[in-house]
Amino acid sequence: MMDISRDRKFCLSILQEHTKSDSLLKHAYAVETCVRYYAAKFNGDIDYWGNVALLHDFDYEMFPTMEEHPFKGAEILKSRGFEDEFINSILSHADYSGVVRDTLLRKVLFACDELAGFITAVTYVRPSKSIDEVEVSSVKKKMKDKAFARSVNRDDIIKGADGINTPLDEHIKFCIDAMKQNKILLGL
């Protein structure tokens, strides 16, 4: 019997069914990429961790409010047969969900979510729009510019690195390096 929580093709079909925006799809792939790399580093289940990351925002386009996201997505996943642990890991990425980040996967998902989006934004303002030109120093410089990528919560980026006991510079570099490995899919 297939373990749906580890089947990327199945999870990808759910993402693509509910998410049409190219930028949201790329965000899902970017967070997935970073989380998979951390799973390898921390000896986690790469497929399971990656699929949690892939689906963390799959409902956002349809249900963008704090009252609905990620709760509606949790209902959809429950109806598709996903286990509570998988669903709760997704719920944990939202501070307001009330689900505690008490596993390494949950902490890594939170740590990578905002940062992957921020690194993508930094890449888009590079002359070549290539992640190959993005350095830790350029990410940190842009973090200080409150007008740049205003919707990205800088405190969450810092809190995320702290949550996985990783210095911020090291965390940023790790995610840049991970995203470089998947730059074609990410459009970077």
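The values are calculated or read from the model by the stated rules, or taken from the named source; none is laboratory data. Owing to the predicted nature of the structure, the values given are computational and were not obtained by experimental measurement. Backbone-built Cβ (ideal geometry, glycine too); neighbour counts: all protein chains shown.
Annotations
- Scan of region 123-154 for residues that are in a helix (DSSP H, G or I) and under 16 Å from the mean Cα position of the chain (by Cα), ordered by number: R154
Yes/no per residue for (1) more than 19 Å from L115 (Cα to Cα); (2) modelled with pLDDT of 95 or more:
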position: D7; (1), (2): yes, no
position: F10; (1), (2): yes, no
position: H27; (1), (2): no, yes
position: A30; (1), (2): no, yes
position: R36; (1), (2): no, yes
position: A40; (1), (2): no, yes
position: A74; (1), (2): yes, yes
position: R80; (1), (2): yes, no
position: I87; (1), (2): yes, yes
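- Filter pass, D57 being within 22 Å of G187 (Cβ to Cβ), in contact (Cβ under 8 Å) with a residue 12 or more places away in the chain and not in a helix (DSSP H, G or I): yes
- In region 2-50, residue nearest to N165 (Cα to Cα) [restricted to those that are among the hydroxyl-bearing types (S, T, Y) and part of a helix (DSSP H, G or I)]: Y38
- Residues that are touching a Leu at 6+ places or on another chain (Cβ under 8 Å), farther than 17 Å from S89 by Cα and among the hydrophobic types (A, V, I, L, M, F, W, C), drawn from region 21-47: L25, A30
- I90 satisfies every condition listed in (1) in contact with a Gly (Cβ under 8 Å, 6 or more places away or on another chain); (2) part of a helix (DSSP H, G or I); (3) within 23 Å of K173 (Cβ to Cβ); (4) touching a residue at least 24 places away in the same chain (Cβ under 8 Å) except (3).
- Residues of region 95-115 that turn out to be within 30 Å of I131 (Cα to Cα), in contact with a Phe, Trp or Tyr (Cβ under 9 Å, 6 or more places away or on another chain) and part of a helix (DSSP H, G or I), as a count: 7
- Of all the listed residues (R150, R106, R154, R101), the sole one being surrounded by fewer than 12 Cβ atoms within 10 Å (Cβ to Cβ), over 20 Å from D22 (Cβ atoms) and of a type outside the set (S, T, Y) is R150.
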